[in-house]
Amino acid sequence: MTTRFTRAALCAAVSSLALASGAYAQTATDDPAASERRTIDVVTVTAQQREQSAQDVPISLGAYGADELLAAGVRDIKDLISIAPGLMVTSTQAETITTARIRGIGTVGDNFGLESSVGVYIDGVFRARNGVGFSDLGEIERIEVLRGPQGTLFGKNTSAGVLNIVTVAPEFEYGGALQAEAGNFGYRRLSGHVTGPIGGETLAVRLFGAIGERDGFTDMTLRQPGGTRQVESETNSYYTFRAQALWAPNAEVEGRFIADYTQRDEFCCSAVQWRTAAGPAGLVGAVGGQVLNPANPDARRAFSNREYQQDVTDYGVSAEFDFELPVGTLTTITSWRNWENTRTQDIDFTSADIAYRADGNSTDLTRFDQEVRLTGINGNLDWLVGGIYSHEELDLNDAIRFGANWEVYLGLAASGGTNPLFISQTLNAVAGAPLFAPGQALPAGSGVNQDTYNQTGRSWALFTHNTYQLTDQFAITGGLRYTRETKDVVASFSTNPTPGCAFLETVFGPDPIAGAAGTPLAGLAPLVCLPYARTGLDANGYDRERTDEEVSGTLRATFDVSDDVMLYAGFSRGFKAGGFNLDREFNGPVSGGSFTNSDSSFRPELIDAYEVGFKSQLFGNVLQLNGNYFYQEITDFQLNTFTGLAFVVQNIPEVTTYGVEVDFSWATPIEGLDITGGYAYVNATYGDNLGTLPAALFRLPGSQISLSPEHFITGQAIYERPLTDTLMFLAALDARWVSEYNTGSDLAPGKEQEAFTMLNGRLGVGSMNGRWNVEVWGRNLTDETYAQVAFDQFAQTGTFGAFLGAPRTWGVTLRTEW
């Protein structure tokens, strides 16, 4: 009902604007003074590591300036989806586990061993995972969404595309701003900046800071030994600081230095029941827990017996220099960053004490990058050569343990709900002796004591990107990149005794699941001996290394039909290195009752992309209209899937995506009204012949991949006009509609998200000189309830949980500038 209403309202609003525009255009035709029309502002981008008009870059991209981002309320990369067609950004177990997808391609972010297919760059510095780049971005100058492989110039982990974020630089004029915001859910944010020169005209600085907090979106019933209480989940509290210096001692040298620090504390992220199966719901109730049956996502109600506490610290420094040399411009970018995260979690998402992530779960990611580029122009040749070296240290600690209700819950599940003592009785029967008293086969606190993964990554690349102007109208662009990446992971494992599984390991060996096959325990062994209960890795752990290398590149042709219309066609290859699944995997040789060097590696991901398109500036640049058709073949797509009991990482041999992307910007005949929009059709499917897959992935062959709607429509209208000689009025509305899609990596029925529309709006008034303004705003105005990701709840067959998108939020912003 809500979706139909919002689509109808959106169509009516657009029709009204079109009629008003037509009437105004007719009036303007009768008035000679109205013959001078407004035009679309040129957006300068660095998509090819050179400053160019977005209309001159022969690739599919979306470029969003400060005004558009401000009107849409974009604070982080997730907000960007409201105005960027074809872009999907979702979060799951934590806001740090955030994944971006372009043209249907992205990497599920629940495993730090898998890196991103969409690269996030902030001021030229790569963020090692999408979630690492998820934070309050502060003052944004522009964001570029580059679609398709961008490996030649951006390199690492850009096989699906790039989000290139540029923040506002220091200025050589004194100025500053203060901004205060307040809204529902207890939202409060205070931010400000100062900028200006220091000691002359060679050094300018900019200092920015923000502090914010918000209450939770979800009502949670938290059941703990001390009693049951109601709490809010998805809370947020943070502060961030950024200091910059711009140094320009002469016309030949310029340097930009940036240091930033962010601290975030969150109670996040709970899941609501998306679909509840009667059997598991009854079992949860039988052990004293609670779920919603039937599921009611609109209630935004969750259950837990553990807190979801998350702390994030993110900081780094970078220095970028440009040197004008006789041969060209030499650019160097040096950066160092550290990202730390600790969290606890109830992994079964019920108030029963089944399983949990204990204290000691942490991630520490440190990265150093050094890039050097030399660009120049010789006659008709615009050339670029460069190289980059990266060093990354990743330390990951994890501890998943079983709760006090696990043995009884599993016994009821295995016996059809009739016998809570089924586990201990069955194991005693096999042993022929009373080895296990009730509750002692799978006791509380058993499971992972501490798993530690120390991964070191080293990569280097050489690249070149060159455009030759064959005629005034025709140009050829070619680029090559050689990348070599080595990863070394040392893993150690420690398991708290799980006596029931230890008994089966004694009977069947270090792989009790394979050993029990064909016996009466074949169905029970995989449940008693989940990966977190097995000890087969404890004695030896593993030390693994892999090296991947690849030559990637691009070849494009550009033809200028006129000064206002450009045609282009091209091919590009993207490359994402292989890696290691940083989760328990039991394989490899066995010696002395233990695995000696388990192999958790997966292969590189390759994308071959073809694209033809056009870019145009029509009617004297009153309208910019761009479109393209793309076709992409992905080899060894890296997929991470949760089966309801454990994560499975798999290379999928073949994925194909093709589609159409169209975007426009229109300076309407109504003075002050600008309309932008876009449409993307994305058909992203798995191949028909995928070889041998894990049982959970049997639905994949020939199907549309997860989290990939076929249709995206976005639109934004910004209207500004003077109210008086001193007052300016602002109204902005943006809308996004996506068609139905499946949110689960295994494509299980019931994990679908129906087509829906999101509406965001803003109204404001301020001084003509920009000294102050007041705005009221709202996001998700129709309060749509939608799943970012639906998943199998732990050990609850047929019950799906979901991480929901934000509900309707609204607030007021006060801003003053000087």
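The values are calculated or read from the model by the stated rules, or taken from the named source; none is laboratory data. In this text the structure is predicted, and so the values were computed from the model without any measurement. In this analysis, Cβ positions are derived from the backbone assuming ideal geometry, glycine residues included, and neighbour counts consider all displayed protein chains. These area figures cover heavy atoms from the full protein model, side chains too; ligands, DNA and RNA do not enter into them. Shrake-Rupley method; radii C 1.70, N 1.55, O 1.52, S 1.80 Å.
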* Could you list all residues from region 323-344 that are polar (S, T, N, Q) and part of a strand (DSSP E or B)? => 329, 331, 332, 334, 335, 338, 341, 342
* Failed criterion for residue 620 (all others in (1) open to solvent by 30 Å² or more (accessible area, probe 1.4 Å); (2) in contact with a Lys or Arg (Cβ under 8 Å, 6 or more places away or on another chain); (3) farther than 30 Å from residue 63 by Cβ hold) -> (3)
* **Index of the failed condition, residue 770 passing every other in (1) under 30 Å from residue 352 (Cβ atoms); (2) of a type in the set (Gly, Ala, Ser); (3) surrounded by fewer than 17 Cβ atoms within 10 Å (Cβ to Cβ)** => (1)
* Of the residues that make up region 149-159, is at least one open to solvent by 30 Å² or more (accessible area, probe 1.4 Å), over 16 Å from residue 241 (Cα atoms) and at pLDDT 90 or above? -> no
* Structure fact -> Within region 281-298, residues being open to solvent by 20 Å² or more (accessible area, probe 1.4 Å), in contact (Cβ under 8 Å) with a residue 60 or more places away in the chain and in a helix (DSSP H, G or I) number 5
* To do: Would you point out the residue of region 117-131, among those that are open to solvent by less than 10 Å² (accessible area, probe 1.4 Å) and at pLDDT below 85, that is farthest from residue 371 (Cα to Cα)?
  => 131
* Which ones in region 411-465 are closer than 30 Å to residue 150 by Cα and open to solvent by 60 Å² or more (accessible area, probe 1.4 Å)? -> 454, 458, 460, 462
* **Top-ranked residue in region 558-595 [being part of a strand (DSSP E or B) and among the β-branched types (Val, Ile, Thr); ranked as farthest from residue 40 (Cα to Cα)]** => 590
* Provide a single number: the residues in region 724-748 that are closer than 30 Å to residue 673 by Cα and not polar (S, T, N, Q). => 13
* Which condition number does residue 548 fail, the rest of (1) within 22 Å of residue 596 (Cα to Cα); (2) surrounded by fewer than 20 Cβ atoms within 10 Å (Cβ to Cβ); (3) in contact with a Lys or Arg (Cβ under 9 Å, 6 or more places away or on another chain) being met? -> (1)
* Asked: Does residue 648 satisfy the condition of being of a type outside the set (Ser, Thr, Tyr) and over 27 Å from residue 55 (Cβ atoms)?
  -> yes
* Structure fact -> Scanning region 482-519 for residues that are open to solvent by 20 Å² or more (accessible area, probe 1.4 Å) and aliphatic (A, V, I, L, M), the one farthest from the chain's Cα centre (by Cα) turns out to be 507
* Got at least one residue in region 469-490 being of a type in the set (A, V, I, L, M, F, W, C), assigned to a loop (DSSP other than H, G, I, E, B) and under 30 Å from residue 440 (Cβ atoms)? -> no
* Give the residue that is surrounded by the most Cβ atoms within 10 Å (Cβ to Cβ), with candidates limited to residues of region 777-818 that are of a type in the set (Asp, Glu) and within 21 Å of the chain's Cα centre (by Cα). => 792
* Asked: Condition test on residue 208, is it of a type outside the set (Val, Ile, Thr) and more than 18 Å from residue 809 (Cβ to Cβ)?
  -> yes
* Structure fact -> Reported set for region 746-767 where residues are buried (at least 20 other Cβ atoms within 10 Å of the Cβ) and charged (D, E, K, R) is 746, 751, 762
* Every residue from region 682-731 that is hydroxyl-bearing (Ser, Thr, Tyr) and either more than 27 Å from the chain's Cα centre (by Cα) or farther than 19 Å from residue 607 by Cα (or both) -> 692, 714, 719, 724, 726
* Asked: Of the residues 195, 218, which is farther than 28 Å from residue 818 by Cα, out of contact with any helix residue (DSSP H, G or I) (no Cβ under 9 Å at 6 or more places or on another chain) and among the hydroxyl-bearing types (Ser, Thr, Tyr)?
  -> 218
* Provide a single number: the residues in region 596-634 that are closer than 28 Å to residue 542 by Cα, assigned to a strand (DSSP E or B) and among the hydroxyl-bearing types (Ser, Thr, Tyr). => 1
* Check every one of the strands (runs of 3 or more DSSP E) wholly within region 46-112 and list those with 3 or more residues that are more than 21 Å from residue 762 (Cβ to Cβ). => 87-91, 98-102
